[in-house]
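Chemist: What follows is a single structure, and I will ask about it in a moment.
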Amino acid sequence: MVVLSNKNILLILLPLTLYLLQSNAKQEHDDMGCSVQEVLCVKDVLTKIARTTRSIEETINKTQANIATRIESIDTVNRYVKFQVVEIDPQLPTPKYHTNFGRLNNINKVVFFTYLIHLLLEAHDAMSFYYNTIGDILHVSNTSSTDDSLKIIQNDLRRGIICEYRNVLSVYCHRWTTIDRIKLVEFSKINFHMAQTFLNDAHSMIVIDILRIWMDKIHYVIHNLEKKYR
């Protein structure tokens, strides 16, 4: 039988106490339609999120193929995309905890709990950022044929990832940032004298390409969580 010392008990309770204290302030609500659901098994919810990342990747592939059929000048698109990628880079969410996750091994369970919260919040806020960005592209779109695919991706982000992350965060009594407090990509307004349809397609290509990287990171983290702690 293992007997915990007072010091060890304190180390276990302290992180939990800090997160519970933070949850005392009432969680703000937004119009995402994410009613918090009772979670019987966190692992099952995370597995559902992982499946959604693969579904989104499939839609991204179809969207990119669709856009490619309409491109008339590859050089023009490449120049514009490269310019915008450099311009928006400082605005993008940084996958700090998801990137560092791969370098960690044998994490103490107390430290692991804290790190898990950071992972959940980082992914939730990043997906909310891209949810808002896709919404902005759809708002200025003039019924591009890409719209339907973007709507599918946006809906999957909301229902299959953002809302599910909120369900898990609620298990740990932790608040999240509401969608109205999260920013979006602001593309440079430099005038390239291009049609709005072209701009929408180019912006869509940029966003979903970055989103694909996040899908891979989230999927990797979820499927390797149990291997990382001792």
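The values are calculated or read from the model by the stated rules, or taken from the named source; none is laboratory data. This is a predicted model, so every value here is computed, not measured. All Cβ positions, glycine included, derive from the backbone under ideal geometry; neighbour counts span all protein chains shown.
Chemist: Of Cys173, Cys163, which residue is more than 26 Å from Arg79 (Cβ to Cβ), surrounded by fewer than 18 Cβ atoms within 10 Å (Cβ to Cβ) and among the hydrophobic types (A, V, I, L, M, F, W, C)? Reasoning before the result, please.
Modeler: Working: Cys163 fails: surrounded by fewer than 18 Cβ atoms within 10 Å (Cβ to Cβ).
When all the criteria are applied, what remains is Cys173.
Chemist: Among the residues of segment 32-88 satisfying the criterion of being over 24 Å from Phe187 (Cβ atoms), part of a helix (DSSP H, G or I) and hydrophobic (A, V, I, L, M, F, W, C), which is modelled with the lowest pLDDT?
Modeler: Val42
Chemist: Let me ask something else. Return the pairs, sorted by first residue and then second, in which the second residue is surrounded by 12 or more Cβ atoms within 10 Å (Cβ to Cβ) and among the basic types (Lys, Arg), the first residue lies in segment 95-119 and is under 15 Å from Lys217 (Cβ atoms), the beta carbons are less than 7 Å apart, and the residues are 6+ apart or on different chains.
Modeler: Pairs that qualify, where the first residue is under 15 Å from Lys217 (Cβ atoms) and the partner is surrounded by 12 or more Cβ atoms within 10 Å (Cβ to Cβ) and among the basic types (Lys, Arg), are Pro95/Lys217; His98/Lys217; Leu104/Lys228.
Chemist: Let me ask something else. Can you run down the residue pairs with Cβ atoms below 7 Å, 6 or more apart or on separate chains, where the first is in segment 192-214 and closer than 13 Å to Met127 by Cβ and at pLDDT 95 or above and the partner is outside any helix (DSSP H, G or I) and β-branched (Val, Ile, Thr)?
Modeler: Short answer, once both residue conditions are applied: Val207/Val185.
Chemist: Counting only residues that are in a helix (DSSP H, G or I) and among the polar types (S, T, N, Q), which one in segment 187-228 is surrounded by the most Cβ atoms within 10 Å (Cβ to Cβ)?
Modeler: Ser204
Chemist: While we're looking at this one, here's another question. Can you tell me how many residues in segment 120-159 are in contact (Cβ under 8 Å) with a residue 60 or more places away in the chain, surrounded by fewer than 18 Cβ atoms within 10 Å (Cβ to Cβ) and not in a helix (DSSP H, G or I)?
Modeler: Here the count works out to 1.
Chemist: Among (1) in a loop (DSSP other than H, G, I, E, B); (2) under 17 Å from the mean Cα position of the chain (by Cα); (3) in contact (Cβ under 8 Å) with a residue 60 or more places away in the chain, where does Leu184 come up short?
Modeler: Of everything listed in (1) in a loop (DSSP other than H, G, I, E, B); (2) under 17 Å from the mean Cα position of the chain (by Cα); (3) in contact (Cβ under 8 Å) with a residue 60 or more places away in the chain, Leu184 misses just condition (3).
Chemist: Next question, about the same structure. In this structure, is Ile88 touching a residue at least 40 places away in the same chain (Cβ under 8 Å), over 16 Å from the mean Cα position of the chain (by Cα) and under 25 Å from Ile161 (Cα atoms)?
Modeler: On the way: touching a residue at least 40 places away in the same chain (Cβ under 8 Å): yes; over 16 Å from the mean Cα position of the chain (by Cα): yes; under 25 Å from Ile161 (Cα atoms): yes.
Yes; evaluated as a whole, the condition is true for this residue.
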